[in-house]
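Down below is the structure, laid out as structure tokens.
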Amino acid sequence: MKWHKLLLLGLATAASASSSDECFAQDNLEWNSASKDWGTFWYFNADTTAFSADRTTGIAEYFMDDFGVGNFGPINNTLSSDSFTAAPRLTIGKTDCSGWGLQSTYWDFNSVASNGFAGLPATSLTAPLLGLSSESSQTRAYTFDVEATKRLNVSKSVVTASLGARYGYLRNSDSSTALGLSTDSDLYTMSAQSSSSFHGTGVTYSLNGIRPSTGPLALYAGGRLSNLFGDNEATANTSIVGAGPNGFAPAASQAASSDVDSLFIAESQIGIMWNKCLKATGGRMFAKVGFEYQYWDTPNINANSVNFSGFTGSTADVYAEASDLKTQFTGISIGAGYAW
């Protein structure tokens with residue numbers, strides 16, 4: 001099998017085509033280095049990336065002072081959206097016989113974690129106490145690329161370079177609630193929410209290669225960099241409601257920061273690929289599995305909020321602070337596709 005007829009184009013891989021009824025020409029036909037005639041073909045690739053998102057959790061801190069007993073807390077949220085999550089990536093493109101082409105890719109990641117419960121009746125609480133009643137955490141990211149590509153034959157490998165435009169979005173959000181009950185039966189219901197996000201457009205560029213190994217197998221590796229420009233935003237919100245024999249004491253506040261900023265993304269991948277000629281259809285099927293890493297970073301902006309409530313026998317307060325948006329995605333990529 002002539003692996004120089006295969007390519008790793010961005011995150012897609014495909015076999016070159018010169019004759020649809022002969023499965024991209026015969027496997028024993030050498031690439032014509034003089035004419036650089038690779039053939040014209042379409043390709044489609046569907047990946048599932050299974051990533052863990054490593055990032056800083058937004059701060060939520062709760063505190064209660066029971067004058068008859070003493071201080072409780074501070075206690076903090078601990079939940080993070082770092083579990084392995086499947087994220088789809090779709091690529092479609094076309095390459096002409098000169099090696100130039102155009103491709104488009106969409107990737108979507110959404111990891112949500114939660115625990116606890118929404119509220120707790122006061123009759124089930126035993127004073128004095130302070131505790132978390134619920135937590136939730138979300139990491140949401142997606143990209144959309146449109147790129148020009150150029151394919152080159154280097155020794156026994158196929159190298160593909162790309163340059164184009166990318167729209168990217170990243171948002172990390174955390175929220176939690178807590179309950180406090182004093183010996184004077186003052187009940188405090190508290191909540192904190194924080195988020196950091198970026199969305200913008202910029203340039204993306206990559207270099208990928210594939211090299212034959214054994215039989216229908218080949219090794220692939222690649223890297224991509226993106227520089228985006230857009231809106232960097234952070235929010236923090238807190239609320240507290242105190243209720244007891246001495247009255248009702250609600251309070252709420254919110255904070256928001258924003259700036260026109262930049263986002264840097266670095267991606268790398270390495271793995272193994274398999275392909276098979278389908279002579280009945282004149283196309284080529286391929287599949288791949290590998291390791292992948294992504295690094296997202298933007299300048300940090302601050303947003304924090306604090307609230308206080310109290311009565312003659314107790315007080316309580318809640319504090320929230322948005323996290324740094326820097327996020328690392330680490331995991332595996334499993335994909336399959338078809339070229340025709």
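Mean sequence separation of contacting Cα pairs (under 8 Å, at least six apart), scaled by the length of the stretch 207-265, corresponds to a relative contact order of 34 percent. Taking the stretch 131-155 and a reference point 7 angstrom along Cα→Cβ of Ile92, the backbone N atoms nearer than 16 Å belong to 144-147.
Under the definition of Cα pairs under 8 Å and six or more residues apart, what whole-number percent is the relative contact order of the chain?
Values: 1104 pairs, mean separation 71.7, N = 340.
Reported relative contact order: 21 percent.
May I ask what percent, to the nearest 5, of DSSP beta bridges between residues of the chain are antiparallel?
Bridges in the chain are about 100 percent antiparallel.
In terms of its C-alpha gyration tensor, the stretch 220-271 comes out oblate, because a/c is 1.5 or above while a/b does not outweigh b/c. Backbone geometry of the stretch 173-181 corresponds, through the Karplus equation with coefficients 6.51, -1.76 and 1.60 at θ = phi - 60°, to 3J(HN,Hα) couplings of 9, 9, 8, 7, 10, 9, 10, x, 9 Hz, x marking Gly and Pro. Once semi-axes √(5λ) of the Cα gyration tensor in Å is worked out from the coordinates, which option in [x] 57, 18, 13; [y] 58, 20, 17; [z] 41, 28, 18 does it equal? Correct label, based on the coordinates given: [x]. Label zone (Val203, point 7 Å along Cα-to-C-beta; backbone nitrogen cut-off 20 Å) within the stretch 162-179: 162-169.
Projecting the Cα atoms of Leu217, Leu130, Thr204 onto the dipole axis of the chain, where Lys and Arg carry +1 and Asp and Glu carry -1 at the beta carbon, places Leu217 farthest toward the positive end. Extension gain for Val69-Thr281 works out to 68.4 nm (0.36 nm per residue, less the C-alpha to C-alpha distance).
Between Thr214 and Ser114, the FRET efficiency estimated from the beta carbon spacing at R0 = 41 angstrom works out to 0.35.
Applying a threshold of 21 Å to the alpha-carbon distances of Lys150/Lys279; Lys156/Lys276; Lys288/Lys326 flags Lys150/Lys279; Lys288/Lys326 as lying beyond it. Placing dummy labels 7 Å off each Cα toward the beta-carbon, the span from Thr48 to Ile332 is 1.1 nm. Can you classify the stretch 145-243 as rounded, prolate or oblate using the Cα gyration tensor, where a ≥ b ≥ c are the square roots of its eigenvalues, rounded means a/c under 1.5, and otherwise it's prolate if a/b beats b/c and oblate if not? It is oblate, given that a/c is not under 1.5 and a/b is not larger than b/c.
No value in this document is a laboratory result; all are computed from the given coordinates. Please read these numbers as outputs of a predicted model, since none were measured by experiment. Heads up, the Cβs are rebuilt from the backbone with ideal geometry, glycines too, and the neighbour counts pull from every protein chain shown.
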